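Worksheet: one structure, shown below.
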């Protein structure tokens, strides 16, 4: 190991041990650990640090740290890129559109879905449906449309968290007698973020209090300008109760589909997403999948999230046994070893061995990635995350009971913090904590703060499964006090350096690859084993090193004091050669918590 780095540019991976970093920098581990301590990171030689921390340390030591290209996480059936269907040899064909209906909870979304299903279920099976599987298909003009019976905007958050797109068209339901509500705005925002075509179904037009023009005005105010008002959002007046307008709504879906032209590869291995999963007595894991490309067949092996299995039973949305499922088709599958989560990606593979090997590699990759993830979803983990230099913002999802409280708390949170740390409100809204909030928090490493709201048992369990932390409050200042305390944890600690002793170098006896054996006289203070030190020349710091061992009169000792002459073994430092007459300034460091 040389004293001067041979290169100024060093590539490192996403996570690296202190020892390996020192090796790549051609430095001693002690030098790297010392620099880490200066930046408030206490790490041992075998501990792993993330790329960002290593880049800071490397920069302080005079290196340019570059990201080492990681191996792309290939899917089992690669080589193939996203959307690169030609490589798979499959023929691209038109597929049925996939539609999700969203909107305010009381505006008739479920009733509208029921009306569509009752009048247009594919194959005339309206009266024969005996189960609800989260998705179904209807026919209109001999064309199939797939509907997802999910909590619309909540589903979008879960899907986006997995980096996938499930639907082709979003229908936003607005009651003509109630107008635009907070959940309407939220649904519209989710659809826009997903870049989906939007159709507005103005429901309950047959009610005495219905006011279609007022509803359209409110829609225009949230940038959903109706097409008959000069905008680009089709608005269809319907009544879920009388089924008036249902045919027109389906025609509009097909018209929008003709413009978007959804297509997919029908041949080859199936890929898609989980849209529902549960455990059923006597059947085990029952999973509803939405096929996005390829064909899923009975007997296929599939990887789903972090589990796999063999498709030993395949059913359509009516519960009827089928042998294969094609793009845009919902299919119920039995045979998975564990229950996957909503939004998990699935893929068919050739053999069980491929599935097992791929999941094993994925687990190994995830174990490394977990070292880099900011574990800030738990209030107790915030300080540890900051210590690694990863967090400068406190990510919050805020839910309150009324708009006044939401506005008041939001404004108060904006005033908390300084130029180093601040609050970032990822999302906010009215009402109880929902599945959407948990999924959003999971995707953005946020803490959910609820004021005068609650959380039901199933959502609480979802939060626990995902490691998402939430706090409920009744008093505003208690909420603000907690946030201020967490922001204090985000502040980098103050490193207090205290001089312990000074020694003048009188002789240099041996220099090896990693160590220097030297001797000198203690001019001030007390030297004890393990201290770090500045190497001073002409009152300027020329290097940093650490005391490895201490001798006095040829005997190893634990300490020496002012006036003693002693021998020292110190770590080799790269900044300059040690010379007679240099001064070693020994010091201790203390990390002190800062507050706003």
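The values are calculated or read from the model by the stated rules, or taken from the named source; none is laboratory data. If you're wondering where the values come from, they're calculated on a predicted model, not measured in any experiment. With ideal geometry, Cβ positions are generated from the backbone for all residues, glycine too; neighbour counts draw on all protein chains shown.
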Inset, instruction - Would you mention how many residues in the range 560-576 are surrounded by 14 or more Cβ atoms within 10 Å (Cβ to Cβ) and within 52 Å of the chain's Cα centre (by Cα)? - result: 8
Legend entry - helices (runs of 4 or more DSSP H) contained in the range 165-263 and holding at least 2 residues surrounded by 22 or more Cβ atoms within 10 Å (Cβ to Cβ) and in contact with a helix residue (DSSP H, G or I) (Cβ under 6 Å, 6 or more places away or on another chain): 182-193
Legend entry - Condition broken by residue 477, with the remaining ones in (1) outside any strand (DSSP E or B); (2) modelled with pLDDT under 90; (3) in contact with a strand residue (DSSP E or B) (Cβ under 8 Å, 6 or more places away or on another chain) satisfied: (3)
Legend entry - Which numbered condition residue 538 misses (of (1) out of contact with any strand residue (DSSP E or B) (no Cβ under 6 Å at 6 or more places or on another chain); (2) closer than 20 Å to residue 22 by Cβ): (2)
Inset, instruction - Considering only the range 529-551, state which residues are part of a strand (DSSP E or B), within 14 Å of residue 501 (Cβ to Cβ) and free of Cβ contacts under 8 Å to residues at least 40 places away in the same chain. - result: 547, 550
Legend entry - Selection from the range 179-197 of residues that are modelled with pLDDT of 90 or more and under 23 Å from residue 428 (Cα atoms): 179, 180
Inset, instruction - Kindly check whether there is at least one residue in the range 526-549 that is more than 53 Å from the chain's Cα centre (by Cα) and either farther than 26 Å from residue 32 by Cα or not assigned by TED's automatic domain parsing to the domain that holds residue 27 (or both). - result: no
Legend entry - Odd one out for residue 496, checked against (1) at negative phi; (2) modelled with pLDDT under 90; (3) not in a strand (DSSP E or B): (3)
Inset, instruction - Any residue in the range 192-208 that's at positive phi: show its pairings with residues that are assigned to a loop (DSSP other than H, G, I, E, B) and buried (at least 20 other Cβ atoms within 10 Å of the Cβ) at Cβ separation under 7 Å, as long as the two are six or more apart or on different chains. - result: 204/108; 204/176; 204/239
Inset, instruction - Please enumerate the residues belonging to the range 567-596 that are part of a strand (DSSP E or B) and either in contact (Cβ under 8 Å) with a residue 60 or more places away in the chain or over 11 Å from residue 518 (Cα atoms) (or both). - result: 568, 571, 583, 584, 585, 586, 587, 588, 589, 590, 591, 592
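Residue-wise test of (1) without any contact (Cβ under 8 Å) to a residue 24 or more places away in the chain; (2) farther than 30 Å from residue 345 by Cα; (3) in contact with a strand residue (DSSP E or B) (Cβ under 7 Å, 6 or more places away or on another chain).
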site	(1), (2), (3)
218	no, yes, no
226	no, yes, yes
249	no, yes, yes
263	no, no, yes
